[in-house]
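What follows draws every value from the coordinates through simple rules; no lab data is involved. Since this is a predicted model, take the numbers as computed values, not measurements.
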Amino acid sequence: MHMRLGSFGLICLALSACATPEPLALQDPKQFIIRYDRGAMTTAYNPEGFTTETVEKLFERTCDKAKLTQYTESPDDIGLVHVVATCGVGADLGIGTVDIRKRSKSELVDAKYRTRSTTGRVLRKWTL
């Protein structure tokens, strides 16, 4: 299993075309990456580290001032849950990622935003 993921990761790196957050969620259930593109968002998270309710709240917070208008989950055959979500009118997210990391034994979550237009990170700490 690990060898297959390692090879997949190297292929993705070489091709620079893969946008899957799965390896991170498989390695550490307390982390996942939300990818966003102008209000459309996707991820794959590990249910051992997060509940559906918590992930939906994180997507709502990612929408910022806009409202979360669509949220759909579907499990896969390796134990992850895939999410497709959409922010409504007023979402000014651009294109980028939010790295989510749950702190141990708490409901405090670190969220690091990265966008294509900036190389810096904005760190936000959310209590759920």
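List of remarks:
- Amide hydrogen neighbours beyond the local backbone of Gly88, cut-off 5 Å, H modeled: Lys67, Leu68, Thr69
- Across Lys57/Lys102; Lys30/Lys57; Lys67/Lys102, pairs whose alpha-carbon gap is larger than 21 Å: Lys67/Lys102
- Linear extension gain, Thr115 paired with Glu73, 0.36 nm per residue minus alpha-carbon span: 12.7 nm
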